[in-house]
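First comes the structure, then the notes that go with it.
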Amino acid sequence: MAQSYDVIVIGSGPGGYIAAIRASQLGLKVAVVEREHLAGICSNWGCIPTKALLRSADVMHTASHAKDYGLTLEGTIKPDVKAIVDRSRGIAHRMNNGVGFLFKKNKVDVIWGEAKLSKPGEVVVSKTTKKPVEPIGPIPKNTLGEGTYTAKHIIIATGARPRALPGIEPDGKLIWTYFEAMKPEEMPKSLLVMGSGAIGIEFASFYRTMGVEVTVVEIMSQVMPVEDAEISALAKKQFERQGMKILLEAKVAKVEKGANSVTATIELKDGKTQAITADRMISAVGVQANIEGIGLETLGVKTDRGFIVIDGYGKTNVPGLYAIGDVAGPPLLAHKAEHEAVICVEKIAGLPNVHPMDRLKIPGCTYCHPQVASVGLTEAKAKEQGRDIRVGRFPFVANGKAIALGEDQGLVKTIFDKKTGELIGAHMVGAEVTELIQGFVVAMNLETTEEELMHTIFPHPTISETMKESVLDAYGRALNA
């Protein structure tokens, strides 16, 4: 007989492993099916190891400007590529092992293999044919394997993979995805980055700090197209001051490969073309959901533009079947997947007062230099919706802590509904704004008004004071600018 569970989760990334742990906490019998490595792309090839690389870049940047802080460093500061990559991979390995420990602690069974939905409530697991770019950690002990498993509730958390454009497919040698960009054998002298979303601009920032000549090609009219236009423009100026070349409203039309370089033909907005030769190219044109080969057609699961369609609780159109994370659509963020996981499982368990996902209150963070972070509506979106708004701005150049840190290039921008005083958007560029944005996320979740924010005491000296000053500025009350 098939082994039976209350919940089977397909995929062990941020959404999958959180769903499994929360389900176990609620007394449900849980299993996770995984085909590659525990903790998914985020911990093994995405969020965490990229931040390790970017931390090396931060230290490199600070060390390169030591004399600005009254320090003298002898000798030339240069990156040790192998050491940087080894540190990043070691951190990924640690995260991988950590999820294995959490499964054991929470009594979550691990089923190793490829999962396929055979009929409602049933998953057939076969031997995995997936060969990861790099095995990370051994297959956990005491895992289950091939066979048929049943569950009252099945959660699909299969994530996503890099999207490839026809004719410009990554080959792993000259044209990279984030997999290859994360573990270079040596630093290229020049790099072409196609796409300036979070992945593209983070790698562009990392490689530029390491001394690589970087050119970014973006088809939209601004870098980081989802961000507020004003914040994006300020970030672009900083990138260009660092020596990064950025081509907007431009398209990579074709790529010709040489022995150890690529030459891209770029179509510019004025109709002209430009040829750019670089040692390596990163394709960062988004990702696509892993929906193939898991039996969605068999069950008649509804999809839209390559993503599984769900309601606010992760339910698909098939009873007992759910989807969370990247496979369920944008924004494609790990923290969105984790929150969806908790909502989905708590709804399955019948907990009261489970709130559906509010996508307007999901923060976005880009860990380039300078960092960019945001939540809620951009100024353009608010106006597009016909909202009567107040906009506040406060620059880092007027903040004592930012000046003391030598990080005085930044801006905090807040957007309020003029009628109600509700905070409907916050956008930031500058040092450590990925840590600061959560203050505005909490405020929005509590439906905080401008008056409550104005009466909140912020510690001095901190960069966080720019947040309050931005609120004050929206109402003509800024004190330090």
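The values are calculated or read from the model by the stated rules, or taken from the named source; none is laboratory data. Note that this is a predicted model, so its numbers are computed, not measured. In this analysis, Cβ positions are derived from the backbone assuming ideal geometry, glycine residues included, and neighbour counts consider all displayed protein chains. The accessibility values were calculated without ligands, DNA or RNA, using every heavy atom of the protein model including side chains. Shrake-Rupley method; radii C 1.70, N 1.55, O 1.52, S 1.80 Å.
Tabulated values for the structure
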read-out	value
Residue that is most open to solvent (accessible area, probe 1.4 Å), among those in the stretch 328-359 that are of a type in the set (A, V, I, L, M, F, W, C) and in contact with a Gly (Cβ under 6 Å, 6 or more places away or on another chain)	Met357
Hits in the stretch 417-449 (condition: in a helix (DSSP H, G or I), open to solvent by 10 Å² or more (accessible area, probe 1.4 Å) and without any contact (Cβ under 8 Å) to a residue 60 or more places away in the chain)	Glu435, Gly439, Val442
Every residue from the stretch 151-171 that is open to solvent by 30 Å² or more (accessible area, probe 1.4 Å), assigned to a loop (DSSP other than H, G, I, E, B) and either on the phi < 0 side of the Ramachandran plot or at pLDDT 95 or above (or both)	Thr158, Arg163, Ala164, Leu165, Pro166, Glu169, Pro170, Asp171
Subset of the stretch 201-218 [open to solvent by less than 40 Å² (accessible area, probe 1.4 Å) and either without any contact (Cβ under 8 Å) to a residue 60 or more places away in the chain or among the acidic types (Asp, Glu) (or both)]	Glu202, Tyr207, Val212, Val214, Val216, Val217, Glu218
Residue match in the stretch 249-263 (condition: buried (at least 21 other Cβ atoms within 10 Å of the Cβ), within 21 Å of the chain's Cα centre (by Cα) and not in a loop (DSSP other than H, G, I, E, B))	no
Criterion violated by Arg359 - all others in (1) within 26 Å of Gly439 (Cβ to Cβ); (2) modelled with pLDDT of 95 or more satisfied	(2)
In the stretch 45-80, the residues that are in contact with an Asp or Glu (Cβ under 8 Å, 6 or more places away or on another chain) and of a type outside the set (Val, Ile, Thr)	Leu54
Single unsatisfied condition, Ser221 versus (1) assigned to a strand (DSSP E or B); (2) of a type in the set (Gly, Ala, Ser); (3) open to solvent by 40 Å² or more (accessible area, probe 1.4 Å)	(1)
Options Lys78, Lys82, Lys104; residue that is surrounded by fewer than 16 Cβ atoms within 10 Å (Cβ to Cβ), modelled with pLDDT of 95 or more and among the charged types (D, E, K, R)	Lys82
Whichever residue in the stretch 127-150 is at pLDDT 85 or above, open to solvent by less than 40 Å² (accessible area, probe 1.4 Å) and not hydroxyl-bearing (Ser, Thr, Tyr) and, among such residues, is nearest to the chain's Cα centre (by Cα)	Gly145
Qualifying position, being out of contact with any Pro (no Cβ under 6 Å at 6 or more places or on another chain), assigned to a helix (DSSP H, G or I) and in contact (Cβ under 8 Å) with a residue 40 or more places away in the chain, among Cys344, Cys365	Cys344
Among the residues listed as Thr378, Thr366, the single one being touching a strand residue (DSSP E or B) at 6+ places or on another chain (Cβ under 9 Å), buried (at least 16 other Cβ atoms within 10 Å of the Cβ), hydroxyl-bearing (Ser, Thr, Tyr) and farther than 22 Å from Ala160 by Cα	Thr378
Among the residues listed as Ala404, Ala398, Ala382, Ala373, the single one being under 23 Å from the mean Cα position of the chain (by Cα) and not polar (S, T, N, Q)	Ala373
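One line per residue, one yes/no per condition, for (1) of a type in the set (Val, Ile, Thr); (2) without any contact (Cβ under 8 Å) to a residue 24 or more places away in the chain; (3) more than 30 Å from Leu377 (Cα to Cα):
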site: Leu192; (1), (2), (3): no, no, yes
site: Gly195; (1), (2), (3): no, no, no
site: Ile199; (1), (2), (3): yes, no, no
site: Ile231; (1), (2), (3): yes, no, no
site: Leu248; (1), (2), (3): no, no, no
site: Lys251; (1), (2), (3): no, no, no
site: Lys272; (1), (2), (3): no, yes, yes
